[in-house]
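One structure below.
Throughout, read-outs are computed from the coordinates displayed, never taken from laboratory work. Just so it is clear, the model here is predicted, and its values are computed rather than measured. Backbone-built Cβ (ideal geometry, glycine too); neighbour counts: all protein chains shown.
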Protein chains: 2
Amino acid sequence: MNFFNSDRSERTRLIMKLESIAELEPQDVGTLAALPLRVTDFPARHDIIQEGEKPSECCLLLAGWACRYKVIEDGKRQILSFHTPGDIPDLQSLHIRTMDHSIASLSPIRVAFIPHRSLDALIQGRPRIAHAFWRETLIDAAIFREWIVGLGRRNAYQHMAHLFCELRMRVSAVGLLEDESFELPVTQSDLADASGLSPVHVNRTLMDLRKANLVSFRSSRLTIHDWEGLQRAAHFDPRYLHQQRWKSA
Amino acid sequence: MNFFNSDRSERTRLIMKLESIAELEPQDVGTLAALPLRVTDFPARHDIIQEGEKPSECCLLLAGWACRYKVIEDGKRQILSFHTPGDIPDLQSLHIRTMDHSIASLSPIRVAFIPHRSLDALIQGRPRIAHAFWRETLIDAAIFREWIVGLGRRNAYQHMAHLFCELRMRVSAVGLLEDESFELPVTQSDLADASGLSPVHVNRTLMDLRKANLVSFRSSRLTIHDWEGLQRAAHFDPRYLHQQRWKSA
DNA sequence: CGCCTATTTGATCTGATTCAAACAATGTGG
DNA sequence: CCACATTGTTTGAATCAGATCAAATAGGCG
């Protein structure tokens, strides 16, 4: 619990994110800033919430990377989404009591827990914020849909390229893209669990992408060498992300 | 436009559905019943909305089956979800202007178009209905997540079994399950596009499920011979559907 | 340095695809 | 009500994308 360590840029992350999702009024921003936050740090690869729990708070990611995942009977894991600062990966718990999946840190992370009570009050009193929150969960669903397409109908090469395009766009939207390169603290096994492939095949696909001079992934950092080409390889169309203003290229 | 043909059971479908999702007050029900509906019939295999459109109405499915789908560059199709009466498959268009996928009828269907304007008013004025609508889109997302798991980490046999379990539960919840059997007006190609498989392999998998005496799928009807066994084969756990009261078996 | 975890490589295997053709069902018009 | 066309299902054979197994190599870090 490092409430006082949380720096200014982290504490305004939620406001930045929601402003990128919907228009807010000055009063909305004030109400958001007054939200009670319980700020907590977690190490890498640590469960924040587990499937089956009934949380009474939502967790706002302030720094670091997280993911949602499910484990099936035979122990296989499927990652459902990746999350960057500003995301509230369990926002749905506001209206769906029981978690149907787990959320874990990928890197060391800092999260702010916000009581459901406070969020409910916000939703009642501030329709624009309610709109922004709902919209965030809907964009979430749009990303799930695109993953379904990738898993169902794209080959490994296109699928991985598409995933990197998505992450690039989202990272860029929260200002973490540095010259077509960003921290991506995941292993190739994580990428396998996200893309429905085996770790070995992820490795080979990464090498193919490297050989085609599109991207390279080394020491937890993705560098895009040819953004145009990557999009072409993935047949990537960013409209499904429903970003208002694309801070792209 | 068959407003007057729409029978009583169809017109209360939405109310039934929302009541199964969240608790409503009598006044909510009254407001819902007063919603202006533009009822329209469509033949089978007809697009109701296409990707890229910006609808100003939502479509409530009154009768028949529909699906969401996306088509990628090389012409491959991925079905994203199946929909039964009571569903509003484009409810997200209320907050996300542009459709990122299409919606089509599978069988002949009857839909009621409801202006966004009216729904917005409802959401402003009746918090419980707002809650129910939001919750419906969240359950949608939960189903997407389960499809991601199926596509990524289940084999063809488990995946198809799981899909049938999902459909059985949902069909049951809207009262369309008749003695462990229900209309499922889709082709094996449709099942292939939903499960990320080829039509040939769907055919072979269906035969395997038949041979195991779990289900049979003939002339647009799915009959479950062994509900327990089917759930076991799929490792099906219905909790992700977040149904309040399971009107099951 | 030495341990542990992640990546890379090679060889082999397999679940699922593709192609092609036969067959069954359903519908349509004469 | 039959003939024909169309669409959907079934079967077989060949092929392939990606999985699995196993072992070697490379990083990161206390």
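Can you tell me the relative contact order of region A:154-241? Whole percent, Cα pairs under 8 Å, sequence separation 6 or more.
After rounding, I find 39 percent.
Taking H as built 1.01 Å from N, whose amide H comes closer than 5 Å to the amide H of residue A:39, not counting residues under 5 places away?
Those lying under 5 Å, H to H, from residue A:39 are A:2, A:3, A:113.
Using only Cα atoms, tell me the angle between helix B:156-173 and the longest principal axis of chain B; keep it within 0 to 90° and round to the nearest 10.
In chain B, helix B:156-173 runs at an angle near 40 degrees to the longest axis.
Using only the Cα atoms of the protein assembly as shown, build the gyration tensor, take square roots of its eigenvalues as a ≥ b ≥ c, and label the shape rounded, prolate or oblate: rounded if a/c is under 1.5, else prolate if a/b is larger than b/c, else oblate. Please list the in-between numbers first.
Values: a/c = 1.62, a/b = 1.17, b/c = 1.38.
It comes out oblate by the Cα gyration axes.
Per-residue HN-Hα couplings for region B:56-67, Karplus 6.51 cos²θ - 1.76 cosθ + 1.60 at θ = phi - 60°, whole Hz, x for Gly and Pro?
Karplus-based 3J(HN,Hα) across region B:56-67 equals 10, 9, 9, 10, 9, 7, 9, 8, x, 10, 9, 8 Hz.
Relative to the longest principal Cα axis of chain B, at what angle does helix B:116-125 sit, 0 to 90 degrees, rounded to 10?
80
Return one number: the angle in degrees, 0 to 90 and rounded to the nearest 10, between the long axis of the Cα atoms of helix B:199-211 and the longest principal axis of the Cα atoms of chain B.
Its long axis makes an angle of about 70 degrees.
Given the options A:186, A:29, A:71, which has the most mean-square fluctuation in a GNM of chain A, springs set between C-alpha atoms less than 10 angstrom apart?
Looking only at A:186, A:29, A:71, the largest GNM fluctuation is found for A:71.
From the backbone phi of region B:182-197, what are the Karplus-calculated ³J(HN,Hα) couplings (6.51 cos²θ - 1.76 cosθ + 1.60, θ = phi - 60°) in whole Hz, Gly and Pro given as x?
7, 4, 9, x, 10, 8, 5, 5, 4, 4, 5, 5, 7, 9, x, 10
5 Å is the cut-off here: which amide hydrogens, built 1.01 Å from N in the peptide plane, fall below it relative to residue B:221, excluding neighbours closer than 5 in sequence?
Residues meeting the criterion, in which the H sits 1.01 Å from N, are B:184.
Considering amide H positions built from the backbone, and no H for Pro or chain starts, which residues 5 or more places from residue A:58, or on another chain, come under 5 Å of its amide H?
The answer is A:114, A:116.
Count the lysine pairs in chain A whose Cα atoms lie under 27 Å apart, taking only pairs 8 or more positions apart in sequence or on different chains.
Taking chain A as the scope, the lysine pair count is 5.
Can you tell me, using C-alpha contacts under 8 Å and at least 6 residues apart, the relative contact order of chain A as a whole percent?
Once divided by the residue count of chain A, the mean separation gives 20 percent.
Normalised by the residues of region B:47-102, what does the relative contact order come to in percent, with Cα pairs under 8 Å and at least six apart? Spell out each step's value before the answer.
Details: 90 pairs, mean separation 27.8, N = 56.
Answer for region B:47-102 is 50 percent.
Once the label point is set 7 Å along the Cα-to-beta-carbon vector, what list of distances in nm do you get between residue B:30 and its counterparts in the other copies?
Inter-copy label distances (nm, one decimal, shortest first): 3.6.
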